[in-house]
Amino acid sequence: MLAEKTEEAPNILSAQDDRTAAGWLSLFRDGNAPISLMIAGGVAIHALSMRVVSTALPIVVTEIGGLRFFAWTTTVAVITAIWGAAFAASLVRFRGLRDAYRISLVLFAGGSVICATSPSMEVFLVGRLFQGLGGGFLTALAYATIRRVFRENQRTRAIVLMSGIFGAAAFTGPLVGGVLAGWGVWRWAFWIDVPFAVAVGLLTESTLSKRTEPESTGAGISRTAACARLGLLTGSALAVSIGSISGDARSSGIGLALGAALLFVLLRVEREGGTSTSPFRLLPSGAYRPGNARGAVSLTMALIAGSTTAATLYIPYVITEVSGYPPIVGGYLSALMALCWTSAAFFTASAEGVWAERSIVFGPMCVCIGLTLATYALLFGSLFLLAYGIGLSGAGVGIAWAHLGNLMMKHAKETEHDVSSAFISTNQLIAMTFFSALAGMITNLAGFADPTLGKSGIITSVLSLFICLSLISAISIPISIISVRLSTGQRSARPRP
């Protein structure tokens, strides 16, 4: 079993000097291999399932019906994934890390079984609900486990390992889903989740010791407070999601505004509840407030992740329907962003000190430049330049993401380590939801759904989207600089031992 660390909240490894050299092999040495495989496996079954399901969905609808609920198969999973990510820290605190993994795997595998045996779309949506909840837990738990297991100079590489899994899933998922759907056995796209979940569960049982069980000995969760905050978070995500799938610019705008208002109320409630005796929180203190390191980091992560995600939403349609390329070209052009994200993350994972700080600033710059180049590519009809811009923007996220995540863990309050770690995943999901709605609103306002405008209207609307995303991503550059300066200031202010 793994021993428990004594610093910055209960950790699993025995205390070691952070100055010890930490290469890639350190993630698999000194008893770390099983825990690394457990983290990777939990993320992999969720990441792969998302890609497989999105590819197989057209065949699913053909067999069990429910075309009117097509968009909800994704919406339900995303919203419940936000629930899981937001509640992961509280689950760890009150049930322990091992029980948290058990619950997450049971939820995910159970949802997969429901989807695999569903006779109708209504039942299928129930399965997607449990899949999303379990997947949200698993991704957030991976970040929480990284914070507990690895030394500070190992965490960046561990986060990059997770990014690599998502990148691999972006390429293998469509292939697996397409093959299974083409063979007429789409239900196996869900059945295969079960043995993988069992394998991760066995690693969990053999790796996580009883010393990773519940930590909380203080006040329990107020059910009223928990339900109220979950209601605000759910309402925010749901308002944005409903507005984005309506196809109407006004509805998208109203949904986006309502979602932002509810999220603002949640931030105020969390802030005012910070002095409460209850340890329950959905978000870390100072989230999205650029006046502190956590807020500046979370804003930077939200802006770069959200803008790059929104940029890929309409690329397959433009490439296929307007430019006349085969669907596989559009699909893998979107996947190119994930591949470049992963590749750049691996390349910059070893950066430390001043080079890590430069990566945090250089990443958003690459995102902005990449989206600007993609805008020019759409204007002049250059597939090569479009691919280059999309790839560069994805690489920009990869350059900065792991280092930003490490800062989020590093500057967490003493009582909010798990909340801050899990928030890396929650923040990404919230940003994806809001930016997807923003993309729908911008394109619809620009005439994307107007049949009288034809292909020129589609190009103009997507071009408008990329212009807006380029400007939004530019905002992340000064905020990333602020996050580095605040982090450096807090580090220099700490008393020397």
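Every read-out reported here was derived from the displayed coordinates using simple, explicitly stated rules and does not represent laboratory data. These numbers come from a predicted model, not from an experiment. In this analysis, Cβ positions are derived from the backbone assuming ideal geometry, glycine residues included, and neighbour counts consider all displayed protein chains.
Miscellaneous remarks
- Converting phi to 3J(HN,Hα) with the Karplus coefficients 6.51, -1.76 and 1.60 and the offset θ = phi - 60°, the stretch 350-364 yields 7, 5, 9, x, 5, 6, 5, 5, 5, 4, 5, 8, 5, x, x Hz in sequence order, with x at every glycine or proline.
- Taken one residue at a time, the phi angles of the stretch 46-52 give Karplus couplings (6.51, -1.76, 1.60, θ = phi - 60°) of 6, 5, 5, 4, 4, 6, 5 Hz. Gly and Pro are set to x.
- Relative packing of peptides 308-314, 195-201, 391-397 - highest average C-beta neighbours within 10 Å first: 391-397, 308-314, 195-201
- Each label point was placed 7 Å from the Cα along the Cα-to-Cβ direction; for residue 183 and residue 354 their separation is 5.6 nm.
- Contour minus Cα-Cα distance for residue 152 and residue 117 (0.36 nm per residue): 8.2 nm
- Our estimate of slack between residue 376 and residue 288, defined as 0.36 nm per intervening residue step minus the Cα-Cα distance, is 28.6 nm.
- Working from Cα pairs under 8 Å separated by at least six residues, relative contact order for the stretch 285-492 is 33 percent.
- Working from label points 7 Å from Cα in the Cα-to-Cβ sense, the residue 455 to residue 171 distance is 3.1 nm.
- Averaging Cα coordinates gives a centre for the stretch 36-53 and one for the stretch 358-394; these two points are 28 Å apart.
- At full extension, residue 332 and residue 206 could sit 41.6 nm farther apart than now, given 0.36 nm per residue minus the alpha carbon distance.
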